[in-house]
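Notes follow once the structure below has been shown.
The values are calculated or read from the model by the stated rules, or taken from the named source; none is laboratory data. Computed from a prediction, not measured in an experiment: that's the story for all the values here. Please note: Cβ atoms are built from the backbone with ideal geometry, for glycine as well, and neighbour counts cover all protein chains shown.
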Amino acid sequence: MLDYLKELNEVQREAVVRTEGPSLVIAGAGSGKTRVLTYRIAHLLKQGARPSNILALTFTNKAAREMKDRIGRVAGENVARYLWMGTFHSIFSRILRAEHETIGYPSNFTIYDSSDSKSLIKTIIKDFQLDDKTYKPNVVASRISMAKNNLITPMAYANSPEIRSADKNMRMPAISEIYKEYAKRCRLSGSMDFDDLLLITNLLFRDHEEILKKYQERFGYVLVDEYQDTNYSQYLIIKKLAAKHNNICVVGDDAQSIYSFRGARIENILNFKNDYPDHRVFKLEQNYRSTQTIVNAANSIIARNKKQIPKNVFSENALGKPIKILSALTDNEEGFLVAQEISQLQLRDHYQFEDFAILYRTNAQSRIFEESLRKRNIPYKIYGGLSFYQRKEIKDLLSYFRMTINPDDNEALKRIINYPARGIGQTTVGKLEVSAVSNETSIWRVLTALPEINHSQVNKGTATKLMGFVALIDRFQKLSQESDAFETAKTIAEQTGILKDLYNDKSPEGLSRHENIQELLNGIQEFSISAKEQGDPDKLENYLEDVALLTDQDNEKDEEKNKVTLMTVHSAKGLEFKNVFIVGMEENLFPSQRQGEKATQESLEEERRLFYVALTRAEENAWLSYANQRYRWGNLDFCTPSRFLEELDERYTEGQVPTGVSGRASAEQSNVSYSSPAQRFAQRQPSSSFKTRESQNILNKKLVSLKESGRAQDTFQGDDPGKIQAGMTVQHQRFGEGKVLKIEGIAPDLKATVFFRTTGQKQLLLKFAKLRIK
Ligand code: ATP
Ligand code: MG
């Protein structure tokens, strides 16, 4: 058995064994915060605490699983499994199901993911006859989400002059009404979105003291990882739950707070001292993850942030190699360079593919790297983006599962009522929905009442088809009571005709969709088998709960080992890899400027924290790459290298550090103070003048629009001068080395657009240019 206390340094050990009272472990990246939390739980169990009295909150399900495994190895698997350990959403959804009667929800409520929420918001905007160009569903959704995370109910929203006037300024005065309607329709559908899971838990604890007391009593110990990224709603839940026993331990790093756009509040960690006057602080300073070079470089970056708790982080690991800067002419070349480095290093230094990660700021950047890795046969796995569970065929089948568990789920119903096609048209569904809204009920209830009411709106033929659908779902419901998840899921896939439909589609897309469904079913089979082995509930509803609560970081299939990891920097939080590529190090990309938001000191500091997170994922080697030109939003843009490259202390870097990035410091105003939640909320409004002068300049430099250039032409192959193709590196007598961006025209008058390092972009007639292929 693992002697866990020997695996800790002195401060870590103190933080582990001081189990009573409030503790704050505040420390830089890689200093063992998560390890402390894990061993602290193990220690509690060894000391005789009951696992069911311990509540431990993690940022992802995967992190919870890994922690549980480790604790199991110290304290025994059979003990560890009874811990209340998981993400906020999974733990509180469990509690809400147990207390469903009090909150007036069915115990089988389903969970709307963000695309369901957006689709419902779109419907409401349409029903209200509002213009969806003014009322952008994304903006409305994030407004509602922010309100929920600040515990602002629809009524409070409507009653806040501050918020209402902010909405008016954005020319969206009806958000308040949309929010109210949205909440109502979710409730009628027996569904909650992610934010509801926290909001309704808060309301439950606020309004029902006896229930709060029960959980306060139960959770003798409360532990939270990544505390810096909790939002107000989460903060309050924790505070309430810990109030009785006061045994709360939170670990975090203010320098890694990166979710403010989702409502996370760095103040939570800063205010811990005030919330718990009898607390103890443990500062961990030694980084065990990374080389000295990486730690020092990361320190040099974060030191530029004005607002932070001062920390001294050092490493006693090897000095390590300098951080390599890769300069690429184009985004394609960036992909090429990164893939090349990976294959060289993997061969030379005998790394596994799983030792590499490519981290980017936005999901859209992944495509270039997928292509370049595929070209070299390098296996990779990709997180987030259009994840497996968001694929059309998978969501369709999952919607049947949702209907089986909770037939009131309107979003699921609308998705599959006519898939596979059964002759129920849009108009019919529209009428049913109108009827549901006006009767304040779900579409399903309108459907099941059809035979009893003389429904003039639906003709007999359609009514028969609708009844067929009702009978189908009824059958699935019965089945789901009697059979395990796999049996039910397989029957649903077969009897709905989804499997057959995809099987009959012999196009490559059809085949791959069919495979995806098979993969999903395999996953459900594994779930059923393992649930049986563990003695856990193995019904479809249990499976669905697991899937609904997945986070971006949880998309991994267990068999996906030994592959290069591709993910956003946000998803990489808490993880570590031997070799890390941080790509797209360019102004407006990283630091990014969120569309519709002002570039403030505050947002820039968050970007810098994000860069700190990215860099501190690396154990041995780190690369930073940027391209001089990149396709974004369909345009080929000139890029300016990221200011972060210049901010890095050059003692730790190798390769061409671009110059001329400076002069930006003036854009950073000083002294940003925190305001009240309501003020902050009110201030978070998109602004039309969000572009700084600098980004405007860059935009002005935009050269070739995709419409004109047409990437499809890039593959021209002709005779002699036609040997030169887009993507090639060429040498020009006067301009030196350059990259061919595109070839157009008809031989022999072919024209090449070439980007030269020295002079920028040029158009040349190939027959005169005398370009040499390099
Ligand atoms: P992050 O801020 O990125 O979440 P963290 O502070 O949670 O990092 P951990 O992930 O717990 O840090 O630890 C970083 C690495 O250092 C892990 O591989 C961990 O196993 C190792 N580590 C932590 N403490 C020690 C120690 N005392 N001795 C040896 N290795 C350690
Ligand atoms: Mg950690």
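Of all residues in the range 241-255, which are surrounded by 24 or more Cβ atoms within 10 Å (Cβ to Cβ) and within 16 Å of ligand 2 (Cβ to nearest atom)?
Selection gives CYS249, VAL250, VAL251, ASP253, ALA255.
Would it be correct to say that ARG218 is in contact (Cβ under 8 Å) with a residue 24 or more places away in the chain and over 31 Å from the mean Cα position of the chain (by Cα)? So that I can check it myself, show each step before the final result.
Values: in contact (Cβ under 8 Å) with a residue 24 or more places away in the chain: yes; over 31 Å from the mean Cα position of the chain (by Cα): yes.
Taking the combined requirement at face value, the residue satisfies it.
Please go through the range 231-253 and give me each residue that is closer than 18 Å to TYR276 by Cβ and within 16 Å of ligand 1 (Cβ to nearest atom), ordered by number. Quick ask: steps written out before the conclusion?
Narrowing the range 231-253 to residues closer than 18 Å to TYR276 by Cβ: 232, 234-252.
Listed by number, the residues that qualify are CYS249, VAL250, VAL251, GLY252.
May I ask you to say which residue of ASP225, ASP229 is in contact with a helix residue (DSSP H, G or I) (Cβ under 6 Å, 6 or more places away or on another chain) and either within 16 Å of ligand 2 (Cβ to nearest atom) or not small (Gly, Ala, Ser) (or both)? If you could, list the steps in order and put the result at the bottom.
Numbers: ASP229 fails: in contact with a helix residue (DSSP H, G or I) (Cβ under 6 Å, 6 or more places away or on another chain).
Within the list ASP225, ASP229, the selection yields ASP225.
Say whether the condition of being closer than 26 Å to ASN516 by Cβ and of a type outside the set (Ser, Thr, Tyr) is met by at least one residue in the range 451-472.
The initial filter retains those residues of the range 451-472 that are closer than 26 Å to ASN516 by Cβ, namely 469, 472.
Restricting the remaining residues to those that are of a type outside the set (Ser, Thr, Tyr) gives 469, 472.
Yes, the range 451-472 contains at least one residue that is closer than 26 Å to ASN516 by Cβ and of a type outside the set (Ser, Thr, Tyr).
Which ranges mark the helices (runs of 4 or more DSSP H) fully within the range 399-515 that have 3 or more residues being more than 30 Å from SER530 (Cβ to Cβ)? I'd like the intermediate steps shown before the answer.
On the way: elements: 410-416, 426-438, 443-449, 460-482, 485-495, 498-504.
Answer list for the range 399-515: 410-416, 426-438, 443-449, 460-482.
Residue-by-condition table, conditions (1) surrounded by fewer than 19 Cβ atoms within 10 Å (Cβ to Cβ); (2) farther than 20 Å from VAL547 by Cβ; (3) not polar (S, T, N, Q):
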site: ILE54; (1), (2), (3): no, yes, yes
site: LYS62; (1), (2), (3): yes, no, yes
site: ARG65; (1), (2), (3): yes, no, yes
site: ASP69; (1), (2), (3): yes, yes, yes
site: GLY72; (1), (2), (3): yes, yes, yes
site: THR87; (1), (2), (3): no, no, no
site: SER90; (1), (2), (3): no, no, no
site: PRO106; (1), (2), (3): yes, no, yes
site: ILE111; (1), (2), (3): no, no, yes
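For the range 139-191, which helices (runs of 4 or more DSSP H) that fit wholly inside it have 3 or more residues that are of a type in the set (Asp, Glu) and buried (at least 22 other Cβ atoms within 10 Å of the Cβ)?
Numbers: elements: 154-159, 161-169, 175-188.
Filter on the range 139-191 gives an empty set.
Here is a yes/no grid of residues against (1) of a type in the set (D, E, K, R); (2) within 16 Å of ligand 2 (Cβ to nearest atom):
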residue	(1), (2)
VAL11	no, yes
GLY28	no, yes
ARG35	yes, yes
ARG40	yes, yes
ALA49	no, no
LEU55	no, no
ALA63	no, yes
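I'd like to verify a number: residues in the range 182-221 that are among the aliphatic types (A, V, I, L, M) and touching a His at 6+ places or on another chain (Cβ under 8 Å), how many?
So the first thing to find is which residues in the range 182-221 are among the aliphatic types (A, V, I, L, M), and the list is 183, 188, 192, 197-200, 203-204, 211-212.
From what is left, the residues that are touching a His at 6+ places or on another chain (Cβ under 8 Å) are 197-198.
Matching residues across the range 182-221 total 2.
Here is a check on your reading of the model: is THR291 touching a strand residue (DSSP E or B) at 6+ places or on another chain (Cβ under 7 Å), buried (at least 21 other Cβ atoms within 10 Å of the Cβ) and farther than 30 Å from CYS249 by Cα? Can you show your working first?
Values: touching a strand residue (DSSP E or B) at 6+ places or on another chain (Cβ under 7 Å): yes; buried (at least 21 other Cβ atoms within 10 Å of the Cβ): yes; farther than 30 Å from CYS249 by Cα: no.
Judged against the criteria, THR291 is not a match.
Of the conditions (1) of a type in the set (Val, Ile, Thr); (2) touching a residue at least 40 places away in the same chain (Cβ under 8 Å); (3) buried (at least 20 other Cβ atoms within 10 Å of the Cβ); (4) in a helix (DSSP H, G or I), ILE368 satisfies every one except a single condition; which number is it?
(2)
For the range 9-34, enumerate the residues that are surrounded by 20 or more Cβ atoms within 10 Å (Cβ to Cβ) and within 9 Å of ligand 1 (Cβ to nearest atom). Walk me through it before giving the result.
Kept after step one, since they are surrounded by 20 or more Cβ atoms within 10 Å (Cβ to Cβ), are these residues of the range 9-34: 12, 15-16, 22-34.
Of everything in the range 9-34, those that are surrounded by 20 or more Cβ atoms within 10 Å (Cβ to Cβ) and within 9 Å of ligand 1 (Cβ to nearest atom) turn out to be GLN12, VAL25, ALA27, GLY28, ALA29, GLY30, SER31, GLY32, LYS33, THR34.
Counting just the residues of the range 214-230 that are assigned to a helix (DSSP H, G or I) and within 16 Å of ligand 1 (Cβ to nearest atom), which one comes out nearest to ILE258 (Cα to Cα)? Walk me through it before giving the result.
Initially, the range 214-230 is screened for residues assigned to a helix (DSSP H, G or I), giving 214-218, 227-229.
Next, only the ones that are within 16 Å of ligand 1 (Cβ to nearest atom) stay: 227-229.
Details: TYR227: 11, GLN228: 8, ASP229: 7 Å.
Applying the filter and picking the extreme gives ASP229.
Let me spell it out: the conditions are (1) modelled with pLDDT of 95 or more; (2) of a type in the set (D, E, K, R); (3) within 20 Å of the chain's Cα centre (by Cα), and GLU411 meets all of them except one. Which number is the exception?
(3)
I'd like to verify a number: residues in the range 115-165 that are touching a helix residue (DSSP H, G or I) at 6+ places or on another chain (Cβ under 7 Å) and basic (Lys, Arg), how many?
5
Out of all the residues in the range 262-280, is one or more within 13 Å of ligand 1 (Cβ to nearest atom), of a type in the set (Phe, Trp, Tyr) and touching a residue at least 12 places away in the same chain (Cβ under 8 Å)? Steps first, please.
Step one: list which residues in the range 262-280 are within 13 Å of ligand 1 (Cβ to nearest atom), which gives 269.
Within this subset, residues satisfying the condition of being of a type in the set (Phe, Trp, Tyr) are none.
Scanning the range 262-280, I find no residue that is within 13 Å of ligand 1 (Cβ to nearest atom), of a type in the set (Phe, Trp, Tyr) and touching a residue at least 12 places away in the same chain (Cβ under 8 Å), so the answer is no.
Return the pair list, or none, for Cβ contacts closer than 7 Å from residues in the range 286-302 that are under 11 Å from LEU319 (Cβ atoms) to residues that are of a type in the set (Lys, Arg), at least 6 apart or on different chains.
These pairs meet every condition: THR293/LYS321.
What are the residues in the range 742-774 that are farther than 14 Å from GLN725 by Cβ and among the acidic types (Asp, Glu), if any?
Selection gives ASP749 alone.
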